[in-house]
1. May I ask you to sort Y33, Y217 by Cβ crowding, counting other Cβ atoms within 10 Å and putting the fewest first?
2. How would W246, W60, W200 line up from fewest to most surrounding beta-carbon atoms within 10 angstrom?
3. Filter the DSSP H helices in the chain by two things, a Kyte-Doolittle mean of at least 0.0 and an axial alpha-carbon span of 15 angstrom or more, and list the hits by number.
4. Under 16 Å between alpha carbons, and skipping anything fewer than 8 positions from K62 in its own chain: which aspartates and glutamates qualify?
5. Can you list the trypsin sites (Lys or Arg not before Pro) in the range 102-199 that are in a DSSP coil and have 12 or fewer other beta carbons within 10 angstrom?
6. Of the candidates G220, G297, G97, which one comes out as most mobile in a Gaussian network treatment of the chain with C-alpha springs shorter than 10 Å?
7. Given the -39500 (n - 2.57) contribution per DSSP H run of 4+ residues, what per-residue ellipticity at 222 nm results for the chain, rounded to the nearest 500 deg cm²/dmol?
8. Only bridges whose two residues both fall in the chain count here: according to DSSP, what percent of them are antiparallel, nearest 5?
Amino acid sequence: MAQTQKLEGHAAVGMTTTQSPFIENAKNEGQLYIEQPYDLYSEENHAAWRQLYDRMLPQWKKYANPHFLRGIDNLCLDPQKVPRLDDVNKFLCSLTGFKAKAVSGYVPAFTFFDCLRQRDFPTTITIRDASKLDYLPEPDIFHDIAGHVPMHTDKAFADTLVRFGECAHTAAEIAASIRDHDEKIRRLTSVIKAMARFFWFTIEFGLMTGRDGLKAYGSGLLSSFGELEHSLTSPVVQRYPIQIEWVVNQYFEIDHYQPLLFTVESFDHLFSLVDKLEIWMKDGKLDNVSPGEPGVGEADLQSFLDAHK
Ligand SMILES: [Fe+2]
């Protein structure tokens, strides 16, 4: 009750990204996993969802892979309103066991991957400002629920995410076995960088070959009105069959359309690549990946160090 009263005054500002007192409060109190305070979404928040969904739908039909389109149908998302996570989970959980789990903000790398292993998907619940629909450096509920979650309805894709979470455990175990502290940090930093790059070029920005040509399965593409079409039709984008040795050494920048994308043949193919990533990790082949983006933060490193003490 006290929590409800405290939040009443915040209802007018809603759940807009970077402007939500509810989220700031949760962060200040150190709460990572939170409830979705559905009544706090304002009319503007629902209008933002409606506009984002409306303009993406025709793009998805043209450029999204068939697994994603089936996922959109299976989730029965309401095009008019920000979804309730409980409603999404009723459909999602019965298909693959995955659940969208509301979080207040950044989830350290190991924690994030370990959630995937447990079939929980850390989900941002704020939504971008209705007056700035095109570019958002941070994830929002449209990216997470409309971009990621439809893919989680596919069994082979869901199993691949779980496998990726298992790789994070392998990385933490290997790090725990290294005695010299500086060497442990150096190698772990390189391995986390390799995992982040692999995740970026597949789960976030992956393309897939198929009977109907090249389609997108990466959530960063599927939640971006401008970049989805650009990724598949622009002559300036380089698109190559995925190679682990390239992906783990390839830096990326997040603030512009991706100039380089990689294709997989199927989700079974993607799963086999995650297996290979783990073998490479065990063989020490990820210990010296090329420097550059993404940076590996203190919280990311610590999350791996804390996993296997
Ligand atoms: Fe994402």
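1. On the way: Y33 13, Y217 27.
Exposure proxy ranking, most exposed first: Y33, Y217.
2. Ordered from fewest to most neighbouring Cβ atoms within 10 Å, W246, W60, W200 come out as W246, W60, W200.
3. Values: long enough: 43-63 (30 Å, -1.61); 85-96 (16 Å, 0.42); 155-176 (32 Å, 0.42); 181-199 (27 Å, -0.26); 267-282 (23 Å, 0.27).
Qualifying helices: 85-96, 155-176, 267-282.
4. D54, D73, D212, E227, E229
5. On the way: sites: R117, R119, R128, K132, K155, R163, R179, K184, R186, R187, K193, R197; in loops: R119, R128, K132, R179.
Here the sparse-neighbourhood loop sites are K132, R179.
6. Highest fluctuation among the options: G297.
7. Working: 13 runs with 151 residues, N = 309.
Result for the chain, helices only: -15000 deg cm²/dmol.
8. Values: 3 of 16 bridges.
Close to 20 percent.
Read-outs throughout are calculated quantities, based only on the coordinates presented, and are distinct from any laboratory measurement. All of these numbers come straight from a predicted model, not from anything done at the bench. Positions of Cβ are generated from backbone atoms using ideal geometry, with glycine treated the same way; all protein chains shown enter the neighbour counts.
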